[in-house]
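Have a look at the structure below, then the notes.
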Amino acid sequence: MKRLWTVMVMVSCASASPKPEAQQTQAPAGDATSAKPQGTPDAAFRGQPPSPGTPVEFHAPVPAQLALKNGLPVFLIERHDVPLVAVSLAVRSGADTEPAGKAGLSSLALDLLDEGTQSRDAASIARGFEDLGARYGTSADADASRVTVTALSDTLDPALEIFADVALNPAFREADVQRVRVERLGQIAQALDDPSSVGQHVLSRVIFGEQHPWGYPGDGTVKSVKSISRKDVAAWHKAWFRPSNAALFVVGDTDAATLLPLLEKRLGGWKDGPFPKIPAPTRSRKAVRVITMVDKPDAPQSQIWIGEVGIASTAPDIFPVRVMNNILGGSFNSRLNGNLRTEHAWSYGVFSFYDTHREAGPFAAAGGVISEKTAEALSEFMKELARMKSGEVSEEELQDAKEGLIRTIPALFASNEQAAGAYARAWSHALPLDYYATYQQRVGAVTKDEVAKAARERLHPDQMAIVVVGPSRQIAPGLAALKLGPIELRDAEGEARKAVSAAGGH
C-alpha cells in the first residue's frame, strides 16, 4: 500500500547595493547607466516563460504471448536500442497464501532464494551474477511474488542458468534461514520505530482483522517471523512455485527465435503439480467504529490513517475510482493536500491511495500532522472525504486528475526491468495484456458523472477505520471531542491493549 517524491529546488539571487543618491544626481545627464541599473543581455528572454512544447505521444507496447512446452506462459517485448534483457518470473502467490501465524513467510522465502541452491552457495551465486554484469532481485506482494534478472543480451544464457537454479532449486539451509531471520527482525524493529509504517500496518489490522493475512505487515511480526521454520519456507516454495501458477516476462534485446530455446533449456524441465487447498481468508467486521490510537509520547507529529476495504484491480469502475482518488489525495494538487498542507500548514503532505489486487485491497487517506492540531486535522480529513463522497467535482479537477494519471504511465517503461515489472504486476492482478496500451483511452473517457458515482458508491467516511499514532495524553481529549467513536489503545504491532478514557489517561 502499497505506497511520493517531492523535489524542492531553492535558488538565491544577489544584487549589488544601490549607489548613494548624491552620486546618482552628480552623474552626467546623458549617462543612463548611472540612474538605471542595466539588466543582463538576455533579460527580455528570461522574462517570458517558455511556450509548451509539442506533447509527446506515448504508446505502451503489447507483449507477444508465447509458451514453453511445460505450459509456462512467456510474454515478450522486443527492445533493441540497448543490449540488455530483463527477465521477470511472476508467481500468483504472496501474503495471501501464508498460513495463520506465519505472516512474512512469502517474503522471507523470496529473500532466501539467492542464499544458496543445491549446487551453489550464496557467494558463488553473487559472484556468478557479478561476473556476467547481471542484476538480480526479488519482491513479494499481497498476492504475488517476483524474481528478476537483467543481463547483457550476449550473456543471457549463463545468466538464465543461475537465475533458474536460484528460482527453482533453493536449498533453504538452516544456517541461512537463521541468519536471514535475524536480519528480518532488525527490519521489523526499524519499522516499529517509524510512525508512518506503524499507522499503515495498524490500519490494515483494523480493516482486515486478525484472521486475514493482509491484516499483518508483509515483512511479518516479531512473533510470526520467530515461528517460521526452514520446513515452512521450503513447503511454501514447493506449493506455489509451479508453472501453472507463474508467467515469465522478458523485455529487451532478443527475439522469440533466440529466446525460446534458451528458456526451454533452463526452465523447460520445471514440473507442475497440484495446488494445496487453503481456506478463504475472512475479514472481521466491527459493529461500532473506534479511533485506534498508538501512543508515541512526546512525538512532534501525529500520523493519521483513515481507511476501509477498497476495490479489486478488475472492478468495472476502476478507472473512475482512480480519477476520483487523484482528485481526493492522489497528487500534490489534491484536495487533501491543498487543505492540510497549503491552506492550514499542519502537514508537509497528506495523500490517499487504493492498493488494488485480484481481491479488494485497502483504501487509505493518511499523512503526518503537527501533534497539537491532530483533532483539527482529523476533522478536515473527514470533511474532505464527505465532500468527495457528495460527488462534487469541477471540470478543472477532472482534467487535471486525468492528465496526472496518464502522465505517470511512460515512467513505468523507462527501463526494460521496469517494463517487465509493470506487465508482471498487470498479469498478477488478472488484468488484460493491453491494459497499458488502452490505459490513456480508458482514463480519458472517464466523465464527471462516473467520478461522482464512484465516489458515492466507494467511499464510506462514516464507517472508515481511524488510526492515530501520536502522543495520546496530548491528543486524546481533542479526538474524543470529535465524537467519531470510542478510543482504543493498541501497541505498534496492532495488538489491542486497553481503552483510554476521554481524558487521555492510561
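The values are calculated or read from the model by the stated rules, or taken from the named source; none is laboratory data. This structure is a prediction, so every number in the text was calculated from the model and none was measured. Don't worry about glycine lacking a Cβ; one is built from the backbone with ideal geometry, like all the others, and counts go over all protein chains shown. Areas reflect the complete protein model, heavy atoms only, side chains present, ligands, DNA and RNA absent. Shrake-Rupley method; radii C 1.70, N 1.55, O 1.52, S 1.80 Å.
May I ask you to list pairs of residues, at least six apart or on different chains, whose Cβ atoms are under 6 Å apart, with the first in region 209-226 being over 18 Å from D355 (Cα atoms) and the second being of a type in the set (S, T, N, Q) and part of a loop (DSSP other than H, G, I, E, B)? Close Cβ pairs satisfying both conditions: Q211/T282. Of the residues making up region 338-353, those that are outside any loop (DSSP other than H, G, I, E, B) and either modelled with pLDDT under 95 or closer than 19 Å to L203 by Cβ (or both) are L340, G349, V350, F351, S352, F353. Note on region 57-66: residues that are modelled with pLDDT of 95 or more and open to solvent by 60 Å² or more (accessible area, probe 1.4 Å) total 2.
Report yes if some residue within region 121-140 is of a type outside the set (S, T, N, Q), under 20 Å from S313 (Cβ atoms) and outside the structural domain of A312 (by TED's automatic domain parsing); otherwise report no. So far as region 121-140 goes, yes, one or more of its residues are of a type outside the set (S, T, N, Q), under 20 Å from S313 (Cβ atoms) and outside the structural domain of A312 (by TED's automatic domain parsing). Exactly one residue among V198, V182, V225 is at pLDDT 95 or above, open to solvent by less than 20 Å² (accessible area, probe 1.4 Å) and more than 16 Å from W305 (Cα to Cα), and that residue is V225. Going through region 363-404 one residue at a time, which ones are over 19 Å from V350 (Cβ atoms) and either outside the structural domain of R322 (by TED's automatic domain parsing) or part of a helix (DSSP H, G or I) (or both)? Correct list: E395, E396, L398, Q399, K402, E403.
Among the criteria (1) open to solvent by less than 20 Å² (accessible area, probe 1.4 Å); (2) touching a helix residue (DSSP H, G or I) at 6+ places or on another chain (Cβ under 6 Å); (3) closer than 18 Å to N245 by Cα, the one A167 does not fulfil is (2).
Yes or no, residue by residue, for (1) more than 23 Å from Q187 (Cβ to Cβ); (2) surrounded by fewer than 16 Cβ atoms within 10 Å (Cβ to Cβ):
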position	(1), (2)
L72	yes, no
V82	yes, yes
S93	no, no
L105	no, no
L108	no, no
R120	yes, no
A123	no, yes
D131	yes, yes
Y136	no, no
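If you go through region 276-316 and pick out every residue that is among the acidic types (D, E) and either open to solvent by 60 Å² or more (accessible area, probe 1.4 Å) or under 15 Å from G361 (Cα atoms) (or both), you end up with 2. For G209, the criteria (1) touching a Gly at 6+ places or on another chain (Cβ under 9 Å); (2) in the same structural domain as F172 (by TED's automatic domain parsing); (3) open to solvent by 50 Å² or more (accessible area, probe 1.4 Å); (4) modelled with pLDDT under 95 hold in every case but one, which is (3). Within region 33-50, being of a type outside the set (S, T, Y) and at pLDDT below 70 holds for A35, K36, P37, Q38.
Could you go through region 145-157 and let me know if any residue there is closer than 25 Å to R242 by Cβ and part of a loop (DSSP other than H, G, I, E, B). No; the residues of region 145-157 include none that is closer than 25 Å to R242 by Cβ and part of a loop (DSSP other than H, G, I, E, B). Residues of region 63-79 that are touching a Pro at 6+ places or on another chain (Cβ under 6 Å) and polar (S, T, N, Q): N70 alone.
Only a single criterion out of (1) open to solvent by less than 60 Å² (accessible area, probe 1.4 Å); (2) closer than 27 Å to A191 by Cα; (3) part of a helix (DSSP H, G or I) is not satisfied by G478, namely (2). Residues considered: G273, G329. Of these, the only one that is closer than 23 Å to F381 by Cα and open to solvent by less than 70 Å² (accessible area, probe 1.4 Å) is G329.
Is there any pair linking a residue in region 127-152 that is at positive phi to one that is surrounded by fewer than 22 Cβ atoms within 10 Å (Cβ to Cβ) and assigned to a strand (DSSP E or B), with Cβ under 9 Å and at least six apart or on different chains, and which? Sorted first by the residue in region 127-152, then by its partner, the pairs are G133/L152. Within region 321-337, the set of residues being in contact with a helix residue (DSSP H, G or I) (Cβ under 9 Å, 6 or more places away or on another chain) and in a helix (DSSP H, G or I) comprises V321, R322, V323, M324, N325, N326, I327, L328, R335, L336. Give the residue that is farthest from F413 (Cα to Cα), with candidates limited to residues of region 78-93 that are assigned to a strand (DSSP E or B) and of a type in the set (V, I, T). Once the filter is applied, the top-ranked residue is V91. Of all positions in region 232-243, at least one carries a residue that is over 30 Å from V182 (Cα atoms), open to solvent by less than 60 Å² (accessible area, probe 1.4 Å) and not assigned by TED's automatic domain parsing to the domain that holds A364.
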